[in-house]
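Input: a single structure, listed below in structure tokens.
The values are calculated or read from the model by the stated rules, or taken from the named source; none is laboratory data. None of the values given here were measured: they were computed from a predicted structure. Cβ coordinates were reconstructed from backbone atoms using ideal geometry, including for glycine residues, and neighbour counts include every protein chain displayed. Only protein heavy atoms, including side chains, enter the accessible area calculation; ligands, DNA and RNA are left aside. Shrake-Rupley method; radii C 1.70, N 1.55, O 1.52, S 1.80 Å.
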Amino acid sequence: MVGWVLRPVRLDQQVFLLLYLAVGTQIAALLPIRWRNGVQTVVDPLLIATGLIAPGGGVGIVAWLATFDGRVPGRDTSWWALLFNRAMLGIAHVVPSLAVAAIAPREWWNLPIKTALYVTAWVVINYFMAARVVSFANRTPFWSTLVQNVAGVSTLISTAILGFSGGIIYMVLADAPVGYLMAPALFGFILAVRGNVADAQRQTELKDQTLELAAQALDARDRYTESHSIRVAELSGRLGEHLELGDSECDLLRTAGSLHDLGKIGIRDDILNKPGPLTDEEWEIMRKHPDIGADMIGQHSALTDVAPLVRYHHERWDGSGYPAGLKGEVIPFGSRILSVADSFDTITGTRLYRRSLMTPLEGVEDISRRAGHWYDPNVVDALRALHGMEALPLADKPHVPRRITAWSVLRANPGFARLLAAIGISGLGDPLTQVAALISIYAATGGDTRVVAIAFIAQAAATILMSGALGGIADRFPRKRLVVYLELMRAAILIATPFLAAFSIWVLVPVLFVLAAINSVVAPAKQAAVPTLVAPGQVGKANAMLTATMSACGALGFGLAGATFALAHQVGILHPTTVLFIGDAVTFALAALLVAGIRSLGGGTTTMRVTGAWRRAWALDGARAHLTVAAAAGFLLAMSFPALLALAYRIEPRAGDATYSGLELVLSAGLFIGSLVVGRSQAIGSMRIAGIGLLVTGVFAFALTLTSEVYVVAAALFVASLGNAIYWVANQTALVEAADASNRGSVMATRFAFVQTASIAGAAVGGIVTYAYKQNGPVVAYGVLAIGLILLAMFALAAGRRTVNPLHGREYEEAMLRTAAASSPGE
């Protein structure tokens with residue numbers, strides 16, 4: 001109603017368009033994807049297109065009248081649920097459609113900006129309303145309900161991409177009448193995706209039901225069990241979820257639980273169903289059932305990872321189990337989970353011929369008494385948590401290979417959350433000073449690019465000298481105090497900079513030198529502090545979050561700098577560079593305040609020498625290869641700095657500056673998304689992940705040499721920057737993990753210096769190559785760096801080709817490798 005009052009439907013061609021979109025929306029609503037716990041439709045892209053065409057009343061009518069999904073109210077669903085879903089759809093589309101309707105209708109950037117804002121508002125309203133109602137109905141905390149509803153960054157990204165396709169549908173329909181013929185093809189593609197997802201869901205249900213049938217068949221043969229395997233499968237999955245394993249790992253656990261007693265098929269009936277105790281000979285036969293089952297499972301490639309879990313589910317933590325007598329963390333982690341689930345159901349589950357031996361709470365207590373002897377204490381703690389009991393007060397619990405999410409890292413580590421906020425705020429301000437200083441120098445010298453080059457050289461020289469000569473500062477002194485003082489010092493320098501520059505523009509060169517020198521201490525100190533603020537298994541995820549935050553805030557900072565100059569021209573601000581300097585000073589002061597609230601950032605190793613950081617870092621065997629890769633990649637990637645600018649002018653000779661700005665924005669977006677992608681890896685800090693990133697960057701950098709179409713170049717650059725972010729996070733994480741608490745600052749300072757030195761050389765070579773080959777210069781430069789990155793990637797992949805299955809564990813896989821090596825002929 002409100003939408004109709006504020007923006008009624010126009011009685012012109014808009015009516016036909018609304019009918020056209022309403023039909024498509026209704027078709028989509030009648031083709032839902034039926035999940036285990038509800039349904040999902042693909043109506044939102046069409047509703048977003050409707051909201052862009054007819055904001056307010058138009059999209060409100062379609063949302064209310066054209067979204068019938070086949071469920072009859074009062075029979076298949078309640079009237080309350082129907083009205084709530086319609087109201088939520090209406091609000092989630094009417095409000096953003098009205099909000100974006102007035103945005104610069106004649107500008108070329110109108111549609112992407114409007115669509116992005118519309119989709120963002122739609123996602124926020126949709127999730128918040130659903131979480132608020134569910135939390136009220138179930139009497140659960142709102143924020144925990146919201147987190148469970150969102151289910152991770154990947155869900156948000158997938159939802160946003162699906163919603164953004166609504167803007168594409170709108171763009172197609174704007175070209176009438178051809179658009180009316182083309183739009184169904186685009187909508188058909190969305191429905192095809194929906195069909196594939198629905199097929200995958202049906203296959204998942206088929207697999208689950210097949211496993212359940214197999215478990216029932218196994219249990220039917222053993223007269224002492226009834227649905228035992230089904231219950232073990234369900235409890236194993238719940239334990240895995242509580243231990244924050246990934247969805248795929250929990251599915252494997254449920255599969256292993258369903259098949260854990262498969263080997264009993266090979267046990268004689270007189271032994272399997274013997275009413276009395278088994279003899280020693282009969283026990284020997286019974287103990288073969290894990291091997292029998294695992295051997296059968298291992299013959300099927302899709303179940304390869306399940307076989308070890310089944311084989312060792314009767315092993316005990318103290319080594320007294322069977323069939324191999326594995327001990328401690330050598331037992332696959334998934335087998336430890338199955339062991340607890342199997343034992344719990346055995347002592348608490350009702351049997352066909354007897355009542356349960358213990359109540360669930362008695363069963364938990366019985367298993368708890370054997371934690372650290374028969375069972376992994378972490379799995380026992382998970383079982384206790386599922387029954388509302390506190391964790392056991394045991395020391396030296398083993399590491400749990402959890403599925404680490406950004407939310408879990410921030411929630412569990414408030415100190416890291418403050419550091420992340422501080423890095424984001426200071427990263428937002430860094431471009432302000434960079435733009436203000438370079439523009440001031442360029443304007444004051446009449447466009448003398450040589451002086452601009454001197455400013456860049458001063459910054460690089462400060463970084464190299466400070467990191468090389470005094471790289472141990474971040475270890476020698478307490479990092480918290482060091483960062484706070486230096487951030488405040490930067491703020492003071494920036495406040496004084498406009499007044500100093502009024503006397504002589506040359507003052508900006510030493511100012512940039514000092515700021516870069518301070519940054520060469522602060523940046524490694526912050527990176528080295530990450531392992532002190534998060535759990536050991538969360539370092540890689542934290543580094544990915546840092547890189548994503550710096551990329552996003554850096555891009556936003558350049559946008560703010562440009563907006564400041566644009567506003568200055570309109571309003572008449574005489575000294576916009578002063579505004580930028582002061583703005584950056586404010587960001588550093590805020591960052592210092594945030595860091596001051598953190599308990600500790602580590603450092604303070606008084607025996608550590610300030611000098612000699614390079615030598616100490618190079619002496620670490622685990623760091624040497626990663627430092628070499630960092631330097632080589634820094635050299636090759638820096639060749640793109642001059643090449644990208646020349647490439648922009650080669651593609652668009654008359655609008656090279658605008659093209660270059662657009663390509664830089666694409667690059668920043670790729671770095672941001674790549675940082676999110678690498679955060680989902682199980683082994684972020686590995687040479688293999690770094691190699692994958694370098695390979696992606698190299699391949700798509702080579703693709704840049706094959707075309708001059710700006711959109712193809714932008715797409716290739718985007719994917720290449722995804723790989724760049726993956727390599728960057730992996731390399732940085734590997735070096736942090738290779739160091740210890742006493743020398744992390746030295747190692748990160750060394751990496752900082754190596755990369756900066758190599759980047760200067762690479763940029764120089766890239767500039768020479770680009771200039772020497774004239775028109776084809778950028779193509780040649782990108783070809784050289786692409787081939788170099790691909791060769792470097794091959795080295796990294798060969799050096800780090802091993803990965804660890806989290807349900808097996810490193811200790812188990814290393815033990816299997818040693819066993820295989822010992823049994824190989826000729827050893």
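Which residue is most open to solvent (accessible area, probe 1.4 Å), if the candidates are limited to region 414-428 and must be out of contact with any Cys (no Cβ under 9 Å at 6 or more places or on another chain) and not charged (D, E, K, R)? Can you show your working first?
As a first pass, look at region 414-428 and keep what is out of contact with any Cys (no Cβ under 9 Å at 6 or more places or on another chain): 414-422.
If we keep only those that are not charged (D, E, K, R) as well, we get 414-417, 419-422.
On the way: Pro414: 88, Gly415: 20, Phe416: 0, Ala417: 34, Leu419: 0, Leu420: 23, Ala421: 41, Ala422: 0 Å².
Step by step, filter region 414-428, then rank; the result is Pro414.
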Contact list, first residue from region 286-301 and acidic (Asp, Glu), second anywhere and open to solvent by less than 90 Å² (accessible area, probe 1.4 Å) and not in a helix (DSSP H, G or I), beta-carbon distance below 8 Å, six or more apart or interchain, is Asp291/Pro323
Would you be able to say whether some residue in region 520-535 is under 17 Å from the mean Cα position of the chain (by Cα) and among the basic types (Lys, Arg)? no
Of (1) open to solvent by less than 50 Å² (accessible area, probe 1.4 Å); (2) within 22 Å of Glu244 (Cα to Cα), Arg411 fails just (1)
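Among Ala701, Ala669, which is surrounded by fewer than 19 Cβ atoms within 10 Å (Cβ to Cβ) and touching a Phe, Trp or Tyr at 6+ places or on another chain (Cβ under 8 Å)? Write out each step before concluding.
Working: Ala701 fails: surrounded by fewer than 19 Cβ atoms within 10 Å (Cβ to Cβ).
Ala669 is the lone residue from the list that is surrounded by fewer than 19 Cβ atoms within 10 Å (Cβ to Cβ) and touching a Phe, Trp or Tyr at 6+ places or on another chain (Cβ under 8 Å).
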Per the filter on region 469-481, residues open to solvent by 30 Å² or more (accessible area, probe 1.4 Å) and in contact (Cβ under 8 Å) with a residue 12 or more places away in the chain are Ala469, Leu470, Arg476, Phe477, Pro478, Lys480
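Residues of region 53-77 being crowded, with 24+ Cβ neighbours inside 10 Å and either over 14 Å from Ala87 (Cα atoms) or without any contact (Cβ under 8 Å) to a residue 40 or more places away in the chain (or both), which ones?
Scanning region 53-77 gives Ala54, Pro55, Gly58, Ala63.
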Of the conditions (1) crowded, with 24+ Cβ neighbours inside 10 Å; (2) under 21 Å from Phe672 (Cβ atoms), the single one that Thr750 does not satisfy is (2)
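Any chance region 353-366 includes a residue that's touching an Asp or Glu at 6+ places or on another chain (Cβ under 7 Å), in contact (Cβ under 8 Å) with a residue 60 or more places away in the chain and open to solvent by 70 Å² or more (accessible area, probe 1.4 Å)?
The answer is no, given that none of the residues of region 353-366 is touching an Asp or Glu at 6+ places or on another chain (Cβ under 7 Å), in contact (Cβ under 8 Å) with a residue 60 or more places away in the chain and open to solvent by 70 Å² or more (accessible area, probe 1.4 Å).
Name the residue, out of Pro510, Pro478, that is over 16 Å from Gly745 (Cα atoms) and either modelled with pLDDT of 90 or more or touching a Pro at 6+ places or on another chain (Cβ under 6 Å) (or both).
Values: Pro478 fails: over 16 Å from Gly745 (Cα atoms).
Result of the check over Pro510, Pro478: Pro510.
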Of all helices (runs of 4 or more DSSP H) fully inside region 222-329, the set with 2 or more residues that are open to solvent by 50 Å² or more (accessible area, probe 1.4 Å) is 228-242, 247-259, 269-272, 280-286, 289-298
Residue pairs qualifying under the 9 Å Cβ cut-off, at least six apart or on distinct chains, with the first in region 440-468 being surrounded by 15 or more Cβ atoms within 10 Å (Cβ to Cβ) and the second being modelled with pLDDT under 80 and acidic (Asp, Glu), are Ile441/Asp448; Tyr442/Asp448
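On the basis of being at negative phi and modelled with pLDDT of 75 or more, does Leu173 make the cut? If you could, list the steps in order and put the result at the bottom.
On the way: at negative phi: yes; modelled with pLDDT of 75 or more: yes.
In short, yes.
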Counting only residues that are over 28 Å from Leu665 (Cβ atoms), touching a Gly at 6+ places or on another chain (Cβ under 8 Å) and open to solvent by less than 40 Å² (accessible area, probe 1.4 Å), region 556-600 contains a total of 1
Out of (1) farther than 14 Å from Gly788 by Cβ; (2) open to solvent by 20 Å² or more (accessible area, probe 1.4 Å), the one Ala761 does not meet is (1)
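Got a sec? Which helices (runs of 4 or more DSSP H) wholly within region 1-82 have at least 2 residues that are modelled with pLDDT under 80? Please lay out each step first, then the result.
Working: elements: 2-6, 13-29, 44-53, 57-65.
Here the list reads 2-6, 13-29.
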